[in-house]
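Worksheet: the structure to be examined is printed underneath.
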Ligand code: HEM
């Protein structure tokens with residue numbers, strides 16, 4: 001017997017209309033109505049969602065589910081890499097990225113990232129008002145060095161251009177910090193004690209400075225917890241038993257880090273922005289909090305996770321070092337439309353900035 005299946009009235013199309021209206025909301029409503037495991041039938045495809053312990057454990061650890069088979073089609077759709085090239089290059093590319101961007105090798109990027117962000121900040125002038133989204137977008141457009149690094153190590157990737165970098169986490173982190181004045185104030189005090197008062201041109205940020213500015217890292221992780229990707233996915237390759245159900249091969253097994261991070265058993269007061277909960281994580285040993293799955297898990301866990309954290313950390317330090325900032329709009333809600341990747345804001349959020357003296 002398979003899990004409860006949500007189909008809809010029109011045979012092949014299935015639940016596509018209902019699901020497409022607000023996929024994230026759909027998943028949570030379906031969990032409440034159908035229980036911890038359910039299948040959604042859409043455009044001839046079956047997606048089986050697991051939302052509680054047993055299912056999550058199968059998703060993360062079972063040998064009967066496959067990462068490459070699940071992501072090949074979306075990769076073809078977004079960056080046009082055909083299946084044969086993907087399967088031939090994927091493992092090599094992953095190992096290379098994991099090595100170059102691993103937590104231990106990462107600080108080589110410090111100087112390059114700081115230089116690049118300084119250049120972008122100069123364009124902002126001494127003061128102004130802008131949409132926070134525009135601000136972070138302009139910073140993330142010049143990662144040519146990262147592409148060059150990939151191409152140098154794996155020339156075959158030259159043929160494929162990546163999609164635009166996604167600056168959403170930098171947006172949300174700035175928005176969360178600026179809408180929590182106590183947190184913002186403590187960050188500014190820490191910055192003065194580590195980097196000194198404002199005024200120096202083009203400060204450099206050492207690995208040691210980053211370690212001392214731990215609250216910023218906690219804010220980024222807490223932001224990622226609250227704005228985690230809507231789903232991660234695996235393809236079922238052999239029948240798997242979860243609770244009393246059998247999930248057949250060919251199903252896409254789906255897990256939602258976004259909703260998992262809202263489970264109060266795992267994260268007390270899950271909707272509150274509480275950077276201090278990250279005090280418990282063993283970040284020195286490169287471990288996150290239990291049940292934090294924003295970067296996926298297992299053999300193909302996000303290889304860019306430490307680089308993403310480093311980049312946002314430097315970005316926030318540089319902007320707060322140079323400018324006094326405040327939001328002109330309240331913290332926007334997240335849109336429930338984005339299932340893949342980090343949720344976008346429902347509406348704009350303006351920021352006013354003025355150079356610190
Ligand atoms: C906060 C930002 C980021 C988030 C939330 C994120 C999240 C994720 C997630 C959830 C996965 C799928 C893992 C799984 O299914 O187990 C993934 C894979 C991946 N991420 Fe990230 N990521 C981020 C930033 C980055 C950055 C900056 C890079 C590159 C520089 C990157 C490169 C990749 C790659 C290449 C994969 C695919 C791995 C593979 O094909 O084996 N990510 N990421």
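What follows is calculated from the coordinates using simple rules that are stated; it is not laboratory data. From a predicted model like this one, the values you see are computed outputs, not experimental measurements. We place every Cβ from the backbone using ideal geometry, glycine too, and count neighbours over all the protein chains shown.
So the values come out like this:
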{"read-out": "Ordering of 170-177, 30-37 by burial proxy (mean other Cβ atoms within 10 Å per residue, highest first)", "value": "170-177, 30-37"}
{"read-out": "Residue 76-residue 152 pseudo-label distance in nm [points 7 Å out on the Cα-to-Cβ vector]", "value": "3.4"}
{"read-out": "Shape box of region 206-334 [Cα atoms, principal axes, largest first, Å]", "value": "56, 33, 24"}
{"read-out": "Computed over region 286-357: relative contact order in percent, which uses C-alpha pairs under 8 Å that are six or more apart", "value": "27"}
{"read-out": "Shape category assigned to the chain from the gyration tensor of Cα positions, a/c cut at 1.5", "value": "prolate"}
{"read-out": "Pairwise FRET efficiency - residue 29 versus residue 354, Cβ, R0 = 56 Å, nearest 0.05", "value": "0.80"}
{"read-out": "Region 231-337, relative contact order [Cα under 8 Å, separation at least 6], %", "value": "16"}
{"read-out": "Max mean-square fluctuation residue, GNM over the chain, Cα-Cα springs under 10 Å, options 97, 214, 43", "value": "43"}
{"read-out": "Inter-label distance, nm, simple model (7 Å from Cα along the C-beta direction), residue 91/residue 324", "value": "5.8"}
{"read-out": "Candidates 289, 310, 147: whichever shows maximal mean-square fluctuation once the chain is modelled as a Gaussian network with Cα springs under 10 Å", "value": "147"}
{"read-out": "Among 182-193, 227-238, the order from most to least packed when residues are scored by Cβ within 10 Å on average", "value": "227-238, 182-193"}
{"read-out": "The chain: most fluctuating residue of 86, 67, 17 per GNM, C-alpha cutoff 10 Å", "value": "17"}
{"read-out": "Cα gyration tensor shape of region 148-286, rounded if a/c is under 1.5, else prolate or oblate by comparing a/b with b/c", "value": "oblate"}
{"read-out": "Inter-part distance where region 286-321 and region 223-253 are each reduced to a Cα centre, Å", "value": "23"}
{"read-out": "For region 204-257: relative contact order, % (alpha-carbon pairs under 8 angstrom, 6 or more apart)", "value": "31"}
{"read-out": "Shape of region 1-78, Cα gyration tensor, a/c cut at 1.5", "value": "oblate"}
{"read-out": "Net length gained if the chain between residue 111 and residue 12 were fully extended (0.36 nm per residue, minus Cα distance)", "value": "30.4 nm"}
{"read-out": "Computed lengthening from residue 299 to residue 131, 0.36 nm per intervening residue step minus Cα-Cα distance", "value": "56.7 nm"}
